[in-house]
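Here's the structure, in structure tokens; my notes come after.
The values are calculated or read from the model by the stated rules, or taken from the named source; none is laboratory data. Since this is a predicted model, take the numbers as computed values, not measurements. Counting neighbours? That spans all protein chains shown, and the Cβs are built from the backbone with ideal geometry, glycine included.
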Amino acid sequence: MTDVEQRVAAVEARLESAFALDARLKTIEGDLRKVKGGSSLRDWLQTLGPYVGGLVVLFVGYWIKDSVTLALEREKLNLAYAQQMPALLKTLDESDSQQVADRNAVALAMYGKYAISPLLDRLELGGDVLPLAAQRGLRIVGFQDSVEACPTFRRVINDRTRRFKWQTHKTLIRVIGQSECADARADLESYRAALAQLGSDEQQLRTFAQRYSADEGFDAETVASLTSEIDRALAIIEQVKT
Amino acid sequence: MTRPRLRRLQLTACLVLTLAAAGAAHADLRNCDNLSDNPGDYKVVLDDFSFASPAAQANTQLAALRETLQFNFTGQLDVLRASARQLDRNLQVPMRLVFCAGRQPSLDGSDFTAARAEQLSDERVVVEMWGKLDLSAAAGGAPSPSARIGYVIPPVQHYVDEADAPPVHVMAYPKTGAVGSIAELENLPELPAFALIGLGTKAAKANRYDLAVWAFTRAEAGIADAKLGGANPRLEALLAYVKRTACETRTTARKDPNYKGPLTLVPAQACAGVEL
């Protein structure tokens, strides 16, 4: 055998050995795949990890920016209302007729929940023109946005800190009915039950009236007036429910 | 129609009606903040008088009329308090005068709606008075004061049907047949009578039977005096209401187990037709 033939034979032998190795490797890989049962979550995570991380950072960044922008916008709105409302309140306070007062209260009510506190304050002032206009304004706020308004209305009738007159309670009970504040039902029933226990006893009336900003002038007539207002409000709420 | 759409339509209609009403009429009716002072007292509200002419406004007697009325009516209230105390030492008449500067309701009383009557009654207003003063000259004579004075009794307007008891009364002074005089305007005998009717109505609702019956009884005499100026069917109706309600209050007092006062000693009386 010549030298060339020997060398060709050696190359053939190595080539066969390489094919054999390749065949063994494929067999091993096939077995390994069977053992593993396909690609794992870890593989996926390793593959998609950098992209997912980037997306999370993107969304969190957007959310933070959005919240900050919203908060800033809200502050701007509050500031704008704070600048616009005093002029409107002054005009309301100086109204020289019921029609003008009503018109100003309606304009104030367009500020939604922001108008509730100044309108409540006008109820507390006493008299007839401003409280009647304020009542109209509160009715509109409750009609427009009962979700925001009803909890505030309920806070007034549940108040025990002597902040409001009984007349303010009465008006708010009426507005609660007109605003269809279904969640206030239990509050109204509890209020009515407390009133029903009073009777005409002066001492009991005086003790009960300590929840109002003025306890003078709270008598059996007041109790009857509040009770009938509660009955009307409950009737409306019940009617809406059915 | 969907519910939110219906709500929007209702709101729009409400706003349109409000704005339309606002443009339709203009009355010089200012809020009276003083009403919330002394919340336990019953109140007699005296509004600002308006003047029919510059001459009337310049008249010193007419210009000072409000102050004179205040003085006179304060005196009348003192007499009422003393009279009540004479009858029963425990009978208090917690009634005071309140002035509402700049408040000039329309002369016909059309500002006094049901809602306003309720609001004023809740503020314990028993009567409100307003008016327009003028100087009218008789043929060849010197100008003498004349006036149209309006009274509203908010508790009566709130609780009683208008046909049973008219709550608004607009009266001309001097009355027909009477001699025109500033003295009549300075005393206004109807004012205490109307105040007592309002007081009696509220006291009856508050189960203060003694005060209610006393007020109705005093008011009856006052209305009878006012009727002397001439026939007035509205005053007749009011007088009938006073008599009937006084009788009903006595009956209720007798039936109230919590009441132990002097009205239990009064014999029972049928109230139907008592006003006749």
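Quick check on region B:35-42. Is at least one of its residues touching a strand residue (DSSP E or B) at 6+ places or on another chain (Cβ under 7 Å), under 28 Å from A:Asp93 (Cα atoms), in a helix (DSSP H, G or I) and modelled with pLDDT of 90 or more? Yes, region B:35-42 has at least one match.
Among the residues of region B:136-152, is any under 25 Å from B:Ala240 (Cα atoms), small (Gly, Ala, Ser) and over 14 Å from the mean Cα position of the chain (by Cα)? So far as region B:136-152 goes, no, none of its residues is under 25 Å from B:Ala240 (Cα atoms), small (Gly, Ala, Ser) and over 14 Å from the mean Cα position of the chain (by Cα). Among the residues examined, A:Leu188 does not qualify as touching a helix residue (DSSP H, G or I) at 6+ places or on another chain (Cβ under 9 Å), crowded, with 24+ Cβ neighbours inside 10 Å and under 22 Å from A:Ile237 (Cα atoms).
Taken over region B:60-85, the criterion of being of a type outside the set (Lys, Arg) and under 22 Å from B:Thr201 (Cα atoms) is satisfied by B:Phe73, B:Thr74, B:Gln76, B:Leu77, B:Asp78, B:Val79, B:Leu80, B:Ala82, B:Ser83, B:Ala84. Of the helices (runs of 4 or more DSSP H) lying entirely inside region B:59-133, those containing at least 3 residues that are surrounded by fewer than 14 Cβ atoms within 10 Å (Cβ to Cβ) and of a type outside the set (Val, Ile, Thr) are B:65-87.
Residue under question is A:Tyr51, and the condition is that it be touching a helix residue (DSSP H, G or I) at 6+ places or on another chain (Cβ under 8 Å) and not β-branched (Val, Ile, Thr); does it hold? Judged against the criteria, A:Tyr51 is not a match.
So if I check each of A:Leu55, A:Leu79, A:Leu32, which one is farther than 18 Å from A:Leu130 by Cα and exposed (fewer than 10 other Cβ atoms within 10 Å of the Cβ)? One residue alone meets the criteria, A:Leu32. Exactly one residue out of B:Gln57, B:Gln61 is touching a helix residue (DSSP H, G or I) at 6+ places or on another chain (Cβ under 6 Å) and more than 14 Å from chain A (Cβ to nearest Cβ): that is B:Gln61.
The number of residues in region A:150-168 that are among the basic types (Lys, Arg), within 14 Å of chain B (Cβ to nearest Cβ) and crowded, with 18+ Cβ neighbours inside 10 Å comes to 1. Within region A:208-230, the only residue that satisfies the criterion of being within 9 Å of chain B (Cβ to nearest Cβ), within 19 Å of A:Leu125 (Cα to Cα) and aliphatic (A, V, I, L, M) is A:Ala214. A single entry from B:Ala172, B:Ala163 fulfils the requirement of being in a loop (DSSP other than H, G, I, E, B), of a type in the set (A, V, I, L, M, F, W, C) and surrounded by fewer than 22 Cβ atoms within 10 Å (Cβ to Cβ): B:Ala163. Do the conditions hold for A:Ala101, that is, is it out of contact with any Lys or Arg (no Cβ under 8 Å at 6 or more places or on another chain) and of a type in the set (Gly, Ala, Ser)? Taking the combined requirement at face value, the residue satisfies it. Taking the condition within 18 Å of the chain's Cα centre (by Cα) and among the acidic types (Asp, Glu), does B:Asp41 pass? When the stated conditions are applied, B:Asp41 passes them. Restricting attention to region B:34-58 and to residues that are among the aliphatic types (A, V, I, L, M) and surrounded by 14 or more Cβ atoms within 10 Å (Cβ to Cβ), the residue that is farthest from B:Ala117 (Cα to Cα) turns out to be B:Ala56.
Taking region B:218-273 as the range and being surrounded by fewer than 19 Cβ atoms within 10 Å (Cβ to Cβ), small (Gly, Ala, Ser) and either part of a helix (DSSP H, G or I) or free of Cβ contacts under 8 Å to residues at least 24 places away in the same chain (or both) as the test, the residues that pass are B:Ala221, B:Ala224, B:Ala231, B:Ala237, B:Ala240, B:Ala268, B:Ala270, B:Ala272, B:Gly273. Among the residues of region A:82-103, those that are surrounded by 14 or more Cβ atoms within 10 Å (Cβ to Cβ), within 9 Å of chain B (Cβ to nearest Cβ) and of a type outside the set (Lys, Arg) comprise A:Asp93, A:Ser95, A:Asp96, A:Ser97, A:Gln98, A:Gln99, A:Val100, A:Ala101, A:Asp102.
Within region A:118-149, the set of residues being touching a residue at least 12 places away in the same chain (Cβ under 8 Å), farther than 17 Å from A:Lys170 by Cβ and surrounded by fewer than 23 Cβ atoms within 10 Å (Cβ to Cβ) comprises A:Pro118, A:Phe143, A:Gln144, A:Asp145, A:Ser146, A:Glu148. Note on region A:104-117: residues that are surrounded by fewer than 23 Cβ atoms within 10 Å (Cβ to Cβ) and either closer than 11 Å to A:Tyr81 by Cβ or touching a strand residue (DSSP E or B) at 6+ places or on another chain (Cβ under 9 Å) (or both) total 5.
Scoring A:Asp121 on the criteria (1) within 14 Å of chain B (Cβ to nearest Cβ); (2) touching a Phe, Trp or Tyr at 6+ places or on another chain (Cβ under 6 Å) leaves a single failure, condition (2).
Filtering region A:179-201 for residues that are touching a Gly at 6+ places or on another chain (Cβ under 9 Å), away from chain B (no Cβ under 14 Å) and touching a residue at least 60 places away in the same chain (Cβ under 8 Å) leaves an empty set.
With respect to (1) buried (at least 19 other Cβ atoms within 10 Å of the Cβ); (2) at negative phi; (3) not β-branched (Val, Ile, Thr), the lone exception for B:Asn207 is condition (2). Residue-level check: of (1) more than 14 Å from chain B (Cβ to nearest Cβ); (2) at pLDDT 95 or above, A:Lys113 misses just (2).
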